[in-house]
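Enquirer: This is the structure I want to talk about, given as structure tokens.
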Amino acid sequence: MKEIKTQSEIVSRVGKRISVSHRGGMTVRTGSYTLALDPKRASKSDFSFVSHAHIDHVHNPDGNSKLIASHETVKLAKVRGYNLSGATDQINGIDLVDAGHILGSRAILVEDSVFYTGDFSTRDRGFLKGSPGIKCDTLIMETTYGNPRYVFTDTNKIVSQVSRLIADCFHQCRSVVLTGYPLGKAQLITHLFRNWEPIYLHESVYKMNQAHIELGVEIPSHEYCGAGNKQASILKKRPWIIISPASSGRSQFIRSLRENYGAVVIAFTGWAVNRGYSYSMGVDYAFDLSDHCDFNELVSLAKYCNPSKIYTVHGFAAEFAAHLNFLGFDAEPLEGAEQSTLTSYS
Ligand SMILES: [Zn+2]
């Protein structure tokens, strides 16, 4: 097996020596400071960058490392029980760049040289603007969907297909459950299907939607679907739509909506590109609405950033690096193990 490099030296445009290492988490070292990128736990680095509030990117800090995060990430992480207070987005030599992934998501440019994308989307979706990236010397890019199989359907097309499906269900007085990650995807679904009613929210989606509304995102303020008797009295008047977390269609909550109300379950995820996804996840329909770049968008991102060196992380890291080398880039995966494709929780 090919050895995976864990450290690389870079000389920035202004002549500064910078190294990137991936031993126990990604760390950037300059002559003056160390910076941990999305550390999984409190780090000893001078700075720790939290790119966004998905749980695989936040950690509980111990106060020894200065946090770098957007104010939206601080607020959204708090809803999930993480205290990122004291985080800043203003550090000399460090620039935060919109990552287009979820509200508050940022990529980071270190010393005008090393660009780390975190999770990234170049595509406009609902209230989220895609980000083009930025020119850099060294690019550390996420490659969650770095396989040519993953080319996503146009968002407007998905909205019209799903709207037709909802209309058919409503015509038969059947209710609908729309599922997606409670942070990011659920708010996007809320926005894209804002003209339908009544829409109710699962509690975790309700909390995140409220946080988005407080942060100025224009999404309708739907009701929490309640629990127990309250839920039964709200849901007895059919048809309705519930926006629910993307747990398996076999989860207790979704199963009860199916069994008690005959609800149709529709999932939204990039993994829906895989044939058989609906069956394996126990949902009725699945659409490839994603908050990540698809394969072609990853290629465009690399071309736009035009770096002399690319490191790939997450998902199809080795496969996508090989494709970048084929295109003439100098690329290699920064991680040894491929991340499981169906359990990428956000
Ligand atoms: Zn994410």
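Enquirer: Considering only the stretch 81-91, I want to know if a residue exists there that is in contact with an Asp or Glu (Cβ under 8 Å, 6 or more places away or on another chain) and either at pLDDT below 95 or within 16 Å of the ligand (Cβ to nearest atom) (or both). Outline the logic, then answer.
Expert: Kept after step one, since they are in contact with an Asp or Glu (Cβ under 8 Å, 6 or more places away or on another chain), are these residues of the stretch 81-91: none.
No; the residues of the stretch 81-91 include none that is in contact with an Asp or Glu (Cβ under 8 Å, 6 or more places away or on another chain) and either at pLDDT below 95 or within 16 Å of the ligand (Cβ to nearest atom) (or both).
Enquirer: Further question on the same structure: Given the criteria surrounded by fewer than 14 Cβ atoms within 10 Å (Cβ to Cβ) and in contact with a Gly (Cβ under 9 Å, 6 or more places away or on another chain), does SER256 qualify? Quick ask: steps written out before the conclusion?
Expert: Values: surrounded by fewer than 14 Cβ atoms within 10 Å (Cβ to Cβ): yes; in contact with a Gly (Cβ under 9 Å, 6 or more places away or on another chain): no.
It is false that SER256 is surrounded by fewer than 14 Cβ atoms within 10 Å (Cβ to Cβ) and in contact with a Gly (Cβ under 9 Å, 6 or more places away or on another chain).
Enquirer: Quick check: is even one residue across the stretch 240-249 touching a strand residue (DSSP E or B) at 6+ places or on another chain (Cβ under 9 Å) and either more than 27 Å from HIS222 (Cα to Cα) or assigned to a helix (DSSP H, G or I) (or both)?
Expert: no
Enquirer: In addition: Out of ASP89, ASP95, ASP154, which single residue is within 23 Å of LYS309 (Cα to Cα) and open to solvent by 50 Å² or more (accessible area, probe 1.4 Å)?
Expert: Numbers: ASP89 fails: within 23 Å of LYS309 (Cα to Cα); ASP154 fails: within 23 Å of LYS309 (Cα to Cα).
Result: ASP95 is the single residue among ASP89, ASP95, ASP154 that is within 23 Å of LYS309 (Cα to Cα) and open to solvent by 50 Å² or more (accessible area, probe 1.4 Å).
Enquirer: Something else: Residues being at pLDDT 95 or above and either open to solvent by 20 Å² or more (accessible area, probe 1.4 Å) or more than 26 Å from the chain's Cα centre (by Cα) (or both): count how many of those fall in the stretch 238-252.
Expert: Just the residues of the stretch 238-252 that are at pLDDT 95 or above, to begin with: 239-244.
When the remaining residues are screened for being either open to solvent by 20 Å² or more (accessible area, probe 1.4 Å) or more than 26 Å from the chain's Cα centre (by Cα) (or both), the result is 239-240.
Residues flagged as at pLDDT 95 or above and either open to solvent by 20 Å² or more (accessible area, probe 1.4 Å) or more than 26 Å from the chain's Cα centre (by Cα) (or both) within the stretch 238-252 amount to 2.
Enquirer: Also, quick follow-up: Considering only the stretch 290-339, how many residues are assigned to a loop (DSSP other than H, G, I, E, B), within 23 Å of the chain's Cα centre (by Cα) and under 27 Å from ARG23 (Cα atoms)?
Expert: So in the stretch 290-339, the residues assigned to a loop (DSSP other than H, G, I, E, B) come out as 290-294, 306-308, 314-316, 327-330, 334-339.
Applying the additional criterion that residues be within 23 Å of the chain's Cα centre (by Cα) yields 290-294, 314-316, 334-339.
Next cut, under 27 Å from ARG23 (Cα atoms) only: 292-293, 314-316, 334-339.
Counting residues in the stretch 290-339 that are assigned to a loop (DSSP other than H, G, I, E, B), within 23 Å of the chain's Cα centre (by Cα) and under 27 Å from ARG23 (Cα atoms) gives 11.
Enquirer: Shifting gears a bit: Within the stretch 13-30, can one find any residue that is open to solvent by 30 Å² or more (accessible area, probe 1.4 Å), within 16 Å of the ligand (Cβ to nearest atom) and farther than 24 Å from ALA317 by Cβ?
Expert: no
Enquirer: Those residues that are within 15 Å of the ligand (Cβ to nearest atom) and either of a type outside the set (A, V, I, L, M, F, W, C) or touching a Phe, Trp or Tyr at 6+ places or on another chain (Cβ under 8 Å) (or both), I need them from the stretch 128-139; list them, please. Show your work before the answer.
Expert: Applying the first criterion (within 15 Å of the ligand (Cβ to nearest atom)) to the stretch 128-139 yields 128, 130-131.
Across the stretch 128-139, the qualifying residues are GLY130, SER131.
Enquirer: Let me ask something else about it. Only one of (1) acidic (Asp, Glu); (2) over 21 Å from the mean Cα position of the chain (by Cα); (3) closer than 24 Å to PHE120 by Cα is not met by GLU214, so which one is it?
Expert: Of the numbered conditions (1) acidic (Asp, Glu); (2) over 21 Å from the mean Cα position of the chain (by Cα); (3) closer than 24 Å to PHE120 by Cα, the odd one out for GLU214 is (2).
Enquirer: Do the conditions hold for ARG255, that is, is it assigned to a loop (DSSP other than H, G, I, E, B), at pLDDT below 95 and at negative phi?
Expert: On the way: assigned to a loop (DSSP other than H, G, I, E, B): no; at pLDDT below 95: yes; at negative phi: yes.
No, not satisfied.
Enquirer: Let me ask you something else. I need the full set of residues from the stretch 56-80 which are more than 14 Å from the ligand (Cβ to nearest atom), open to solvent by less than 40 Å² (accessible area, probe 1.4 Å) and of a type in the set (A, V, I, L, M), in order please.
Expert: The answer is LEU67, ILE68, VAL74.
Enquirer: Moving on to the next point. What's the number of the condition LEU235 fails, among (1) touching a residue at least 40 places away in the same chain (Cβ under 8 Å); (2) within 30 Å of ILE140 (Cα to Cα); (3) of a type outside the set (Gly, Ala, Ser); (4) open to solvent by less than 30 Å² (accessible area, probe 1.4 Å)?
Expert: That leaves (2) as the condition not met.
Enquirer: Also: Search the stretch 111-127 for residues being assigned to a loop (DSSP other than H, G, I, E, B) and within 14 Å of the ligand (Cβ to nearest atom), and hand back the single one that is surrounded by the most Cβ atoms within 10 Å (Cβ to Cβ). Let's see the steps before the verdict.
Expert: Initial filter on the stretch 111-127 (assigned to a loop (DSSP other than H, G, I, E, B)): 111-113, 117-124, 126-127.
Subset that is within 14 Å of the ligand (Cβ to nearest atom): 117-121.
Numbers: THR117: 30, GLY118: 24, ASP119: 25, PHE120: 28, SER121: 26.
By that ranking, first place goes to THR117.
Enquirer: Next up: Run down ALA302, ALA267, ALA227, ALA263 and say which single residue is surrounded by fewer than 17 Cβ atoms within 10 Å (Cβ to Cβ) and hydrophobic (A, V, I, L, M, F, W, C). Break it down stepwise before answering.
Expert: Working: ALA302 fails: surrounded by fewer than 17 Cβ atoms within 10 Å (Cβ to Cβ); ALA267 fails: surrounded by fewer than 17 Cβ atoms within 10 Å (Cβ to Cβ); ALA263 fails: surrounded by fewer than 17 Cβ atoms within 10 Å (Cβ to Cβ).
Checking each option against the conditions leaves just ALA227.
The rows are residues; the columns are (1) closer than 21 Å to LYS135 by Cβ; (2) open to solvent by 50 Å² or more (accessible area, probe 1.4 Å); (3) among the acidic types (Asp, Glu); (4) part of a loop (DSSP other than H, G, I, E, B).
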{"position": "SER48", "(1), (2), (3), (4)": "no, no, no, no"}
{"position": "HIS54", "(1), (2), (3), (4)": "no, no, no, yes"}
{"position": "GLY104", "(1), (2), (3), (4)": "no, no, no, yes"}
{"position": "ILE108", "(1), (2), (3), (4)": "yes, no, no, no"}
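Enquirer: Is it true that some residue in the stretch 320-328 is open to solvent by 20 Å² or more (accessible area, probe 1.4 Å), within 16 Å of the ligand (Cβ to nearest atom) and modelled with pLDDT of 95 or more?
Expert: Here is the first cut: in the stretch 320-328, the ones open to solvent by 20 Å² or more (accessible area, probe 1.4 Å) are 322-323, 325-328.
Narrowing further to those that are within 16 Å of the ligand (Cβ to nearest atom): none.
Looking through the stretch 320-328, none of the residues is open to solvent by 20 Å² or more (accessible area, probe 1.4 Å), within 16 Å of the ligand (Cβ to nearest atom) and modelled with pLDDT of 95 or more.
The values are calculated or read from the model by the stated rules, or taken from the named source; none is laboratory data. All values reported here derive from a predicted model rather than from experimental measurement. For neighbour counting, all protein chains shown are included, and Cβ atoms are generated from backbone atoms with ideal geometry for every residue, glycine included. Heavy atoms of the whole protein, side chains included, go into the accessibility calculation; ligands, DNA and RNA do not. Shrake-Rupley method; radii C 1.70, N 1.55, O 1.52, S 1.80 Å.
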